[in-house]
Each structure stands twice: as C-alpha cells, then as structure tokens.
Amino acid sequence: MTRLTPERAALLYGVVLVALAAVVSDPETGLDLFHGIFIQDADEIIRAWYGRCSWENPAIIPFSHLSMPGWTALLALGEGLARLTGLPLTLLGRWTTAAFATVALRAAAGLARRVAPQNAERAAWLAVLLLGASPAFFLLSLTVYPEIALLALILLGTQWLLNGHPLRAMLAFGPMPLVRWEGALVLIPVVLYTVWSGASWRERLKSLALLVAPYSLYLAAVAVRWGNPWTPLAWRTTKAMGAWRLWNPEVPTELLNAAASSLFTLYSPGVWLFGLVAAVSAAWASRNAAHRALIVPALAFFGLTALLFSVQHDFMVWPLRVFVVPAGLAAVLVAARVGPVLQSLAGAAIALSVGMTAGAIADVKLPAPGRSVDHLGFHATVGWADAGDALEWTLAQPPESGWVLVNHMNANLLRADTTCQLWDRDLWIGGPQLALSRRFEPTFGLPPGPGLVVFHTLPFGADHCALAAELPSGQTVMRCPPKDE
C-alpha cells in the first residue's frame, strides 16, 4: 500500500481545490458558499474578464491597473482557452491558482525537510498542515487573485536554492514582480543571498541577470510607453483612484480598528507572533552556508509584513488578501525553525482563525440580486443577477451615442459579456472621477464627447448625466452629453 507522504497530501489538497474551483465558478453557488469573502467579489471578476478580453485588446496585459502583466497574461491564456471551449468566466483562472497552491504546499514540505533533517517527515507534515489549514490560503486558492502564485514562487525558489540549484531558483524569483507588485521587494533578499552565496562571480552575475531581467524589461516597456516606469503605480496612488498611501493620515481610527479585527479573524495574531520568532531563527540560521537561503523567506516575511501594514486606503484600509504571503511564509518557517511548543501554539492559533473565519462568513448578509455589499478589508461583492439585459441594451445603442463607461463593481455585466463585445465599442473602465480607456489612458472626470455610464446599482457622482434606463438586473444607465454642454 502506498504511504501517504506530505507531498502526496499536497497533491490531494490540490485535487480538492480543482473540484471546488469548478463549483464556485458558478456565481450563485460561489456566493452561497463563501458569501463573497474573496470569492466572486467584484475585483476578482474584472481581473478574469480583463484576461479573457486581452485577446481583443492586447494593451490590457502590460498596462492592466488591477493585476501585474505576468498574472494578466496567465489569466489571458486560461480565459482564451475557456472562451474557445465555452467554459465559464474565472474557471481556468481558478484552476491556475489551485495549481500554484499545490506547488506552494509541495515546496513548503520540501523546504521544511531540507532545513530540519533530524525531524524531516514531521517538519514536512507540519508545513503542509499549517499552510493548508490557513483560512486565507484555502479561500484564495479558489480565486483568480495572484497572491497564492507569489507565495508559491517564493517557496519554490527558496527550496531550489537550498537544494543547490541557484539558476533554476532565479527562474522562480525573477517573475515575482510581474505577478504582484510587492514581489519587487522580495528581489532584495534574493540579491543579498546571491552576492553572499560564495559562488564564483561569473555564476553570481548569471544569477543576478536572470533575476532582474523580467522586471527590468517591464519597467523599460512602461517607460517607453508612458515616459515614466512608475506611471501605472502612480495612478493607483492618486486621490481619484482611492489613494493607497504609506501610513495614510486620512484613515479614521475606528475604521483601522475594525480592519485589524478582520485581519486577525483571517490570520490570527499567533501566526504573526510565532512567525516573527521563526523568521528571526531562520535569519540567524542563514549564517550557516547550508541554510543560507533561509534569508530569503525570513527577510521577505519582515519586509512584506511592514510594507503591507503601512500601505493604507482611505476607506478600505488594507486589501486583506495580500497578507496571505507573509502569513504563509510564517507558517512554513514555524514548521521548519521552531520547537514543538511554538509549533503547537501556532497550530492552535490557525485552528482559532478557521473557526473565526467560518463564523464571519456565516454572518455576512448576502446582497440582493444586482446590489452590492462591502466587506471591510475585502472588495465589494455584487449579488448575482443576469445582466444580459444591460449588455443587450448598451450594445443596441447607435455608434453616435459615444463612449461607454463601466464602473469597477459591474461584475454582472462583465459576466454577461462572455464574448468581449464591450471591447468593440469605445469602452472605458472606472467611474466618473477617473476612467481608463481601452489603452488604459486616464481621464479625470468623464471622457470627452457624449456617452453612457453603466452602473451595477444606483449611480453616484455622474454630474450632468440623465437617467436613461433602469433594468431588471439592477443595472442603471446614465446618458451624458458632451462636457461643454
């Protein structure tokens, strides 16, 4: 009889994720099961739709304002296949994430084995159990969000470094900033490791070239296109886009306290506390040449934790899904680097977090069809409703009606637009305060000329526009004259 190993358990976990991902791809079922906590929320849908429609508008891939180009390209491959085969929006993206989750669990087991050879099997099992039991890891492994992929790349690259494959590791580390923007921060400890590795300078230079090439090419392309490599990031930090800022002074204290409560529901303070101890232990162990690569996850944990707590939004505070990366690193480091007492306490903390998350999901009141509900620290969830009527109404308007502006929370309209017909029009994504054109050029205010603003629910902030249609799906359409009228 085949023995169940941690690596095989990781594969079984992945099989379960693949099956569940197929189930939650149905919007009504996904909402019923998880009440919009990460799964079937508005930003998740628009990411998948961007991927699907990048075949109609290739400018989406390098300049998407929601996902970095590497992740959007992966979604485009999956959604392009899904479109050809008639599979639903988000399904292939969810399967892609499930595959990365499996990679992350197997790499976690391999990393723990390598670091704790005296208790290799026990450490590997702990790594798989602590990481796999994390509520955020489980939930995000069923979504099209890129955080699980970033965690997988960090763990896989570290495992390869520990096993003596530096060039292979750079192939994992190099794409990190193209998956999530904060992946650029993780390049720093990898550079430190490479310089400190003791390899010949020729090997070190080869590793560094592989490491920095993907992100450097991206920044060069953005600089050529926009004149400044940081332009897309600057858009995301403007006041009109919601102002992601370091230690944002405009975040109310009561909102910050409530966001912290939501964070600890998903991750538990124990994860951070014991992860801190484990990261310090890993950094200390990296003085030993055999464990030198542990400097990567240790410094990544410190850096990402500090950064993600400090970047705050006026009314969202934090997007809580991003914390799965440092929390996942903490779980693996706890399994590999601390003793049984702290490991047991970390397991108890994660079990508490599972119970608290289950309770939080059960307490969420689902929005009415076509309406939305905000979860503090999460993005808005839009109640499932067939928005085919809004798509048909909008596409039936004559060309001289001008542009069509679709707001970010318009998940149901994007679900209805399975063939990307909206991209055949002069489509803008955003709101009346800031919109992005087909080629992701911004307009602060309404686009020039006449046009239509299509909302998922009651309109807001569309000055000088008149109500044109209220549709059964909950969509509201405003007709806007040219700015000078």
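Would you mind listing the helices (runs of 4 or more DSSP H) fully within the range 55-127 where at least 2 residues are modelled with pLDDT under 95, under 30 Å from residue 418 (Cβ atoms) and more than 24 Å from the chain's Cα centre (by Cα)? Of the helices (runs of 4 or more DSSP H) lying wholly inside the range 55-127, those with at least 2 residues that are modelled with pLDDT under 95, under 30 Å from residue 418 (Cβ atoms) and more than 24 Å from the chain's Cα centre (by Cα) span 69-85. Take the range 121-152 and flag every residue that is farther than 22 Å from residue 19 by Cα, among the aliphatic types (A, V, I, L, M) and surrounded by fewer than 24 Cβ atoms within 10 Å (Cβ to Cβ). Residues satisfying the conditions do not exist here. Listed conditions (1) surrounded by fewer than 22 Cβ atoms within 10 Å (Cβ to Cβ); (2) in the same structural domain as residue 275 (by TED's automatic domain parsing) are all met by residue 350, apart from (1). Tell me, please, whether a residue that is surrounded by 24 or more Cβ atoms within 10 Å (Cβ to Cβ) and closer than 26 Å to residue 97 by Cβ can be found in the range 360-367. Looking through the range 360-367, none of the residues is surrounded by 24 or more Cβ atoms within 10 Å (Cβ to Cβ) and closer than 26 Å to residue 97 by Cβ. Of all residues in the range 54-70, those that are touching a Pro at 6+ places or on another chain (Cβ under 7 Å) and either free of Cβ contacts under 8 Å to residues at least 24 places away in the same chain or over 25 Å from residue 426 (Cα atoms) (or both) total 2.
Taken over the range 187-205, the criterion of being among the hydrophobic types (A, V, I, L, M, F, W, C), surrounded by fewer than 22 Cβ atoms within 10 Å (Cβ to Cβ) and part of a helix (DSSP H, G or I) is satisfied by 187, 188, 191, 192, 195, 196, 201, 205. Per the listing 184, 172, the residue uniquely of a type in the set (Gly, Ala, Ser), in a helix (DSSP H, G or I) and without any contact (Cβ under 8 Å) to a residue 24 or more places away in the chain is 172. For the range 15-49, filtering for residues that are surrounded by fewer than 22 Cβ atoms within 10 Å (Cβ to Cβ) and over 19 Å from residue 384 (Cα atoms) leaves 4.
Within the range 311-335, residues that are closer than 14 Å to residue 180 by Cβ and modelled with pLDDT under 95 sit with their Cβ atoms under 6 Å from residues that are hydrophobic (A, V, I, L, M, F, W, C) and not in a helix (DSSP H, G or I), at 6+ positions apart or across chains, in these pairs: 311/244; 321/38. Just one of (1) at pLDDT 90 or above; (2) surrounded by fewer than 16 Cβ atoms within 10 Å (Cβ to Cβ) fails for residue 296. It is (2).
All told, residue 439 falls short of being charged (D, E, K, R), buried (at least 21 other Cβ atoms within 10 Å of the Cβ) and outside the structural domain of residue 55 (by TED's automatic domain parsing). Find the residue count for the range 172-189, including only residues that are more than 17 Å from the chain's Cα centre (by Cα) and farther than 16 Å from residue 104 by Cβ. Result for the range 172-189: 4.
Residues in the range 1-24 that are touching a Lys or Arg at 6+ places or on another chain (Cβ under 6 Å) and part of a loop (DSSP other than H, G, I, E, B): none.
The values are calculated or read from the model by the stated rules, or taken from the named source; none is laboratory data. This one's a predicted model, so the numbers in the text were calculated from it and none came from an experiment. Here Cβ is always computed from backbone atoms with ideal geometry, including for glycine, and neighbour counts include all displayed protein chains.
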